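Notes follow once the structure below has been shown.
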Amino acid sequence: MPAEILPGPSGYIPIPAVFEDVELSPPGYGLFFGQIVDELTAMREAAKAMLTRRNPTIFPGPKILWGWNAHAMEEAKAILELAAEIPNCRIIPMPDYRPKYPKIDPEAEINPNHPNLTILHNKIEACIFVGVHCHYANLSLRMIRAGTNCFTIALCGELGHEDAMVSIRDLTPEKIRRFREVLIQVREELGISHTPTPPPENPSLPKEEFQTLSVLDYGEYSYLLIPRKDEQVTDTE
Amino acid sequence: MPEQRVVDADELILRTERQRKFITGAQAMAEAVKRANVDVAIAYPITPQSEVMHLVGDIWAQGYIRDYYRAEEEYGAMSAIAGAVRGGARAFSATSGPGLLRGLEAIASWPGHRIPVVLGVLTRVVNAPLSIQPDNVEISYLLNCGMVVLHAENQQDVFDFTLAGFVISEKVDVYIPVAVCTEGFFVTHAKGYVNITPEELKLPPRDPYKAPVPPTDCEIPPARIQRDAPVQKSNFMSYLIHAVWQQEIWSSNKRAMRYINHYLGGPIEVVNPGAEVFIVASGCAAAQGREAVRYANMEGLNVGLVKVKSIRPFPEKQVREVLSNAKAIIVPEHNIVGWLAKEVKACIPNSDAVIGGPRVYGGMTLPVELIMERVYDAFGIKKSKKVVV
Amino acid sequence: MGLEYVRISPGFERYMPKDYVDLVQYGQFGKEVDIQQLGQFKELVEEHPMCAGCFMAYFIRVFYAALPKPEDTIVIGTAGCARLALSQAAVPFIYGNYGDTNAVASGLKRALKIRFPNKPKDVVVIAGDGGLIDIGFGMTMHSWFRRENFTTIMVDNEVYGNTGGQESGMSPKGVQLKMAPKGKQFEKINAVELAKTAGCVYVAKLSPTNPKRIAKTVRRAVLAAREFGPTFIHAYTSCNIEYSIPTEKVLEDARKREKQDFGFYEWMTDEVKEFFEELERSPQEVKT
């Protein structure tokens, strides 16, 4: 009997869903709490979570953030349409998988080496992973399940993810749009009114122009950038 | 360039009509590689696997494989395999005994790097002292690195496991290397009947974009990528990152069972499931076990066989179910440590029923009479004279 | 392809973090950059944890600015200090087991040649003295014997820096380091001569005191490797920690070594020489 994969925090170290006999769903089906269900049920539960839990966020991954082919760009468009339908939704990208030094800005991005930083900082309780390669998605999903109470939804282009609370497989732009319609329907059933609004932009994007930036803007660090003639910079932090 | 038509994997492995040939295990492995649409094969000599790589080299010269070369040593060969597979190619190599151990640093890191590849492991004695004769203790070194380990009983298995190995390793929810192990000389240099698929059909090429990790070819994002950076807890990495990575590998190992069921007809084969005494064996010990079952049945003794095809993932549930009423479990092996007996004991509640033997090693053959001794013991039958071989 | 995978999907530009937007708009992909402009464009390398005063870090910055085609380059490194900066760059990076860089590069280059026969994919190995000449010696030399088409750059700090300062084959004779408490007993290995004998078609030795020279050497090595065979650069990149060089004296030390044993040296086969003459005669860079 596969175990129920519920939102965490599950503890110091998570037990992988596969070790507890959760199996991937066949085509046309999805996973909900580790059990195989039909796709519509999975979509409805995902929609419910995104509409009722706090700070719903979509985490797009490199496969759709970067326009490397027409399919990626089409999926990107569909995700943006979906995001507009979720009240209070944010988009926080996962632009790459490498560990970022010294630390990521948790309001600007999420990274599979430390996804719980972003979840905890932003107090995210429902999230969608889309366009992330399966390996990194699985790592992130397990770390999130271990250390946070976030409800995770995986929209997978391949076979799905056992460690997410809801997993939908074989993703295409059409399926994303179908999910959007299911979400609108669930939203109406729950009596939530909302006009489609695009999520707020990334907080790291600067408001200032580079042309008007001057050395003085760096404050006390300005001397590190441009040492005076013959000056030896010996102070270190 | 020989004419080969691409056929769907299921079609080729499960449904295509086969021809019967009488070939050695090495030939069987090479024939599977010929039909597997392999891009790169990298060789390094060590007896008894050299035969396989000679034949694979011939196949390359005939045009079935796109690149082939002899590397400087096994660690170099296996590292180059990792590089080639990351670049998006489908690769193959083979090694034996000390060669496996020499390349083990690279081989053990393949699963973590998510490198789908088929590695032929044609077992031979591990030094010291040196010998080129068969002994499969080296398989025990492979059991904890995370890769799928299949153990072939005969030449037919070698062909089937190698061909299916490419398909299994490249499944998106698996994506770890598959080792196809068999005994050197006993299987590789001996001839047996093999039903093989036609030469004109081959597997579809590898699609490196249908994968859980991106290939390193500058064609797929993210650009700023170190696919598998060194990870250790720090201010920019969770304390869990390495642990969940390892969990992903072992989850993938477990997920492979579904494809072993589909392409290989299951991880075990059971003969006479209602028996009281079972012989559980893998590799060519299973062939001897089969003979022993035949002898026993001729004498009216209710003996069954469990042939284990997949050592990793180990079919715990299936083995436990088959052996649930067994009063004695005989595990013949070609190694001194008894790694298969340990696997069996670990997954059944009645581990006292396991008789850890007979074991032969260092190149010795396994006479059926040796197994029959244990069978008679299990039934409490006293034979008048001891077996002398 | 190549450039397509470094453009942001339409609609996501306002959701990407700043450094990625900058990378696409002000970065090196698809553009010609002059090394003198360093600091005026978005570099491929981001923040990295290398030591203050590490000359390798400087060399790596210049290296990335000098790549002829960063969108089709793959860098391979190994255990050591260089990988700390290399992993923070917007060029795919492979990190395998210690010392296997040249074997991985051989396999990778061959696979890329099979899959993209008409498109140059540059493979560059950047590793230290330990990784290339000690533990990786067999794989390094054999990749050169086989005439594999990639560039090897040895960032030589004459010590095993990342593991705490042990003696390396490239340490000078007599220097006292860990695991050599009585001083190193044998001479510094002559990597450049080994590379020439093994079959490299372009070999260079330099101390990175002049950014234009570094850029030109790197460019030459990468372009020559596309057609002609393995290329090798031996760069002196000091470890100011293990050799106790005060940060402000690091460049001075590099200049001193340049006068001693790291004077600029370049060797190439006749074919490669002709190729460079042809190339550098016309002012347009080869971006093919």
Considering residues that are within 22 Å of B:Pro111 (Cα to Cα), more than 8 Å from every other protein chain (Cβ to nearest Cβ) and part of a loop (DSSP other than H, G, I, E, B), the number found within segment C:80-115 is 2
Being at pLDDT below 90 and within 31 Å of the chain's Cα centre (by Cα) is the filter here; which residues of segment B:218-271 pass it?
B:Gln226, B:Arg227, B:Asp228, B:Ala229, B:Pro230, B:Val231
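Yes/no per residue for (1) within 14 Å of another protein chain (Cβ to nearest Cβ); (2) surrounded by fewer than 20 Cβ atoms within 10 Å (Cβ to Cβ); (3) free of Cβ contacts under 8 Å to residues at least 60 places away in the same chain; (4) touching a strand residue (DSSP E or B) at 6+ places or on another chain (Cβ under 6 Å):
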residue: B:Tyr239; (1), (2), (3), (4): yes, yes, yes, no
residue: B:Trp250; (1), (2), (3), (4): yes, yes, no, no
residue: B:Asn261; (1), (2), (3), (4): yes, yes, yes, no
residue: B:Val277; (1), (2), (3), (4): no, no, no, yes
residue: B:Gln288; (1), (2), (3), (4): no, no, no, no
residue: B:Glu291; (1), (2), (3), (4): no, yes, no, no
residue: B:Asn297; (1), (2), (3), (4): no, yes, yes, no
I'm trying to understand the selection: among the residues of segment A:73-94, which are in contact with a helix residue (DSSP H, G or I) (Cβ under 7 Å, 6 or more places away or on another chain), farther than 27 Å from A:Gly191 by Cα and surrounded by fewer than 21 Cβ atoms within 10 Å (Cβ to Cβ)?
A:Glu74
Odd one out for A:Arg145, checked against (1) facing chain B (nearest Cβ under 8 Å); (2) buried (at least 24 other Cβ atoms within 10 Å of the Cβ); (3) among the basic types (Lys, Arg):
(1)
Looking at segment B:274-320, which of the residues that are among the hydroxyl-bearing types (Ser, Thr, Tyr) and within 22 Å of B:Cys181 (Cβ to Cβ) is farthest from the chain's Cα centre (by Cα)?
B:Ser282
Tell me which residues, restricted to segment C:64-77, are touching a strand residue (DSSP E or B) at 6+ places or on another chain (Cβ under 7 Å) and part of a helix (DSSP H, G or I).
C:Tyr64, C:Asp72
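Per-residue answers, yes or no, for (1) more than 23 Å from A:Ala78 (Cα to Cα); (2) surrounded by fewer than 19 Cβ atoms within 10 Å (Cβ to Cβ); (3) within 13 Å of chain A (Cβ to nearest Cβ); (4) among the aromatic types (Phe, Trp, Tyr):
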{"position": "C:Arg7", "(1), (2), (3), (4)": "no, yes, yes, no"}
{"position": "C:Arg14", "(1), (2), (3), (4)": "no, yes, yes, no"}
{"position": "C:Asp19", "(1), (2), (3), (4)": "yes, no, yes, no"}
{"position": "C:Gln37", "(1), (2), (3), (4)": "yes, yes, no, no"}
Return the residue satisfying two criteria in turn: it lies in segment C:91-101 and is closer than 26 Å to C:Phe29 by Cα and either in contact (Cβ under 8 Å) with a residue 40 or more places away in the chain or among the β-branched types (Val, Ile, Thr) (or both), and of such residues it is surrounded by the fewest Cβ atoms within 10 Å (Cβ to Cβ).
C:Val91
Give me the residue from segment A:31-59 that is in contact with a Leu (Cβ under 9 Å, 6 or more places away or on another chain) and buried (at least 24 other Cβ atoms within 10 Å of the Cβ) and, out of that set, farthest from A:Leu190 (Cα to Cα).
A:Leu31
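Starting from residues that are out of contact with any Asp or Glu (no Cβ under 7 Å at 6 or more places or on another chain) and touching a residue at least 24 places away in the same chain (Cβ under 8 Å), keep the ones in segment A:24-40 and report whichever is nearest to the other protein chains (Cβ to nearest Cβ).
So in segment A:24-40, the residues out of contact with any Asp or Glu (no Cβ under 7 Å at 6 or more places or on another chain) come out as A:25-26, A:35-40.
If we keep only those that are touching a residue at least 24 places away in the same chain (Cβ under 8 Å) as well, we get A:25, A:35, A:39-40.
On the way: A:Ser25: 11, A:Gln35: 17, A:Glu39: 18, A:Leu40: 23 Å.
Only one residue tops the list, namely A:Ser25.
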Identity of the residue in segment C:130-173, assigned to a loop (DSSP other than H, G, I, E, B) and among the small types (Gly, Ala, Ser), that ends up nearest to C:Thr78 (Cα to Cα):
C:Gly136
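Every residue in segment B:162-198 that is in a loop (DSSP other than H, G, I, E, B), acidic (Asp, Glu) and touching a helix residue (DSSP H, G or I) at 6+ places or on another chain (Cβ under 7 Å), please.
Taking segment B:162-198 as the starting set, the residues that turn out to be in a loop (DSSP other than H, G, I, E, B) are B:170-177, B:184-190, B:197-198.
Right, trim to acidic (Asp, Glu) and you get B:170, B:173.
Matches in segment B:162-198: B:Asp173 only.
Can A:Pro14 be described as within 16 Å of A:Ile128 (Cα to Cα) and modelled with pLDDT under 95?
Working: within 16 Å of A:Ile128 (Cα to Cα): no; modelled with pLDDT under 95: yes.
Against the criterion (within 16 Å of A:Ile128 (Cα to Cα) and modelled with pLDDT under 95), A:Pro14 does not qualify.
For every residue, the table says whether it meets (1) among the polar types (S, T, N, Q); (2) out of contact with any Asp or Glu (no Cβ under 8 Å at 6 or more places or on another chain); (3) surrounded by fewer than 23 Cβ atoms within 10 Å (Cβ to Cβ); (4) at the interface with chain B (Cβ under 10 Å from one of its Cβ atoms).
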residue	(1), (2), (3), (4)
A:Gly67	no, no, yes, yes
A:Tyr101	no, no, yes, yes
A:Thr118	yes, no, no, no
A:Cys127	no, yes, no, no
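Can you confirm whether C:Val62 is surrounded by fewer than 24 Cβ atoms within 10 Å (Cβ to Cβ), under 22 Å from C:Tyr95 (Cβ atoms) and in contact with a Leu (Cβ under 8 Å, 6 or more places away or on another chain)?
Numbers: surrounded by fewer than 24 Cβ atoms within 10 Å (Cβ to Cβ): yes; under 22 Å from C:Tyr95 (Cβ atoms): yes; in contact with a Leu (Cβ under 8 Å, 6 or more places away or on another chain): yes.
Answer is yes for this residue.
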For residues in segment B:94-119 being of a type outside the set (A, V, I, L, M, F, W, C) and facing chain C (nearest Cβ under 10 Å), which is farthest from C:Asp100 (Cα to Cα)?
B:His113
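The values are calculated or read from the model by the stated rules, or taken from the named source; none is laboratory data. Everything numeric here is computed off the predicted structure, so don't read it as measured data. So basically every Cβ, Gly included, is an ideal-geometry build from the backbone, and we count neighbours across all protein chains shown.
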